[in-house]
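The values are calculated or read from the model by the stated rules, or taken from the named source; none is laboratory data. As the structure is a prediction and not an experimental result, all values here were calculated from the model. Here the Cβ positions follow ideal geometry from the backbone for every residue, glycine too, while neighbour counts run over all protein chains shown. Please note that ligands, DNA and RNA were not included when accessible areas were found on the heavy atoms of the full protein model with its side chains. Shrake-Rupley method; radii C 1.70, N 1.55, O 1.52, S 1.80 Å.
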Amino acid sequence: MKQSLFTFIKSLREFLANKLNQYNTTLPYVITVIVALVIVVGGINLFIELTETLKTETLAAYDTAITDYVISYRTPSLTSYFKFMTLVGNAYGYLIVLIVFLLVSLLVFKRWKYVLQATLVLALATGSNMMLKRFIDRARPSIEHLVSVETLSYPSGHAMSAMAFYGFLIFLVTKFKIQKVLKYVLIISLIVIILSIGISRIYLGVHFPSDIAGGFIAGFIWVIFCILVFDLIELFRKDPQT
């Protein structure tokens, strides 16, 4: 994505140079940020479209059918697994992962900025999720809950944070200079974690499937936006013309 941004900014700079006699050298970056915001707005519109269907009978039928299918597989071993995965998606779970990630970043990659970036992505997803829950005000499913919950239902905070945080880690892994086999193992493992956390909320009876879908969409929006901004900042700092 960084190379694509560089190419876009270079082309934009050449276009502005041909059209304008004088312009601020930061203008291409400002325009790129605006484009990034447009992308985010497009993602938010998709999220809103899903939100507006929450009260339709069609979505309710899908929610019920998927939920019934998932909970039909309840067994003691699966319940233990999904309870563990839902804990991985809690605050303490992320704290442990961030500590491990910090140690790996400092000892192996000798850089701490990746931890700061991942923490920021997680904070943005968590904070925006709290606001969205209050705005949409959707109640939890009325079926049996296998874990206790206190907040509202849509979008799923677990799904949204998992997609944002672990999704961003997937992006970082693709950048790391490590063996391909290890890279693939890490990426697949992170995908499994994201899906397991999302499914756990349906399995445990505390979320509708549409809550999970909404959380994944909103979390993915944050991943894309933050990647764009972080890459843009890095390009800006290295650009000799700024």
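A few comments on the model shown:
Yes/no per residue for (1) modelled with pLDDT of 90 or more; (2) assigned to a loop (DSSP other than H, G, I, E, B):
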{"position": "Ile48", "(1), (2)": "no, no"}
{"position": "Lys55", "(1), (2)": "no, yes"}
{"position": "Thr58", "(1), (2)": "no, no"}
{"position": "Tyr69", "(1), (2)": "yes, no"}
{"position": "Ser77", "(1), (2)": "yes, no"}
{"position": "Met85", "(1), (2)": "yes, no"}
{"position": "Tyr92", "(1), (2)": "no, no"}
{"position": "Val104", "(1), (2)": "no, no"}
{"position": "Tyr114", "(1), (2)": "no, no"}
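- The residue list Val147, Val121 contains one member that is in contact with a helix residue (DSSP H, G or I) (Cβ under 9 Å, 6 or more places away or on another chain), surrounded by 20 or more Cβ atoms within 10 Å (Cβ to Cβ), of a type in the set (A, V, I, L, M) and at negative phi, which is Val121.
- Candidate set from segment 150-181 (those that are among the charged types (D, E, K, R) and over 17 Å from Lys83 (Cα atoms)); member that is most open to solvent (accessible area, probe 1.4 Å): Lys177
- Test result for Val192, in contact with a Lys or Arg (Cβ under 7 Å, 6 or more places away or on another chain), without any contact (Cβ under 8 Å) to a residue 60 or more places away in the chain and either surrounded by fewer than 18 Cβ atoms within 10 Å (Cβ to Cβ) or over 24 Å from Phe84 (Cβ atoms) (or both): no
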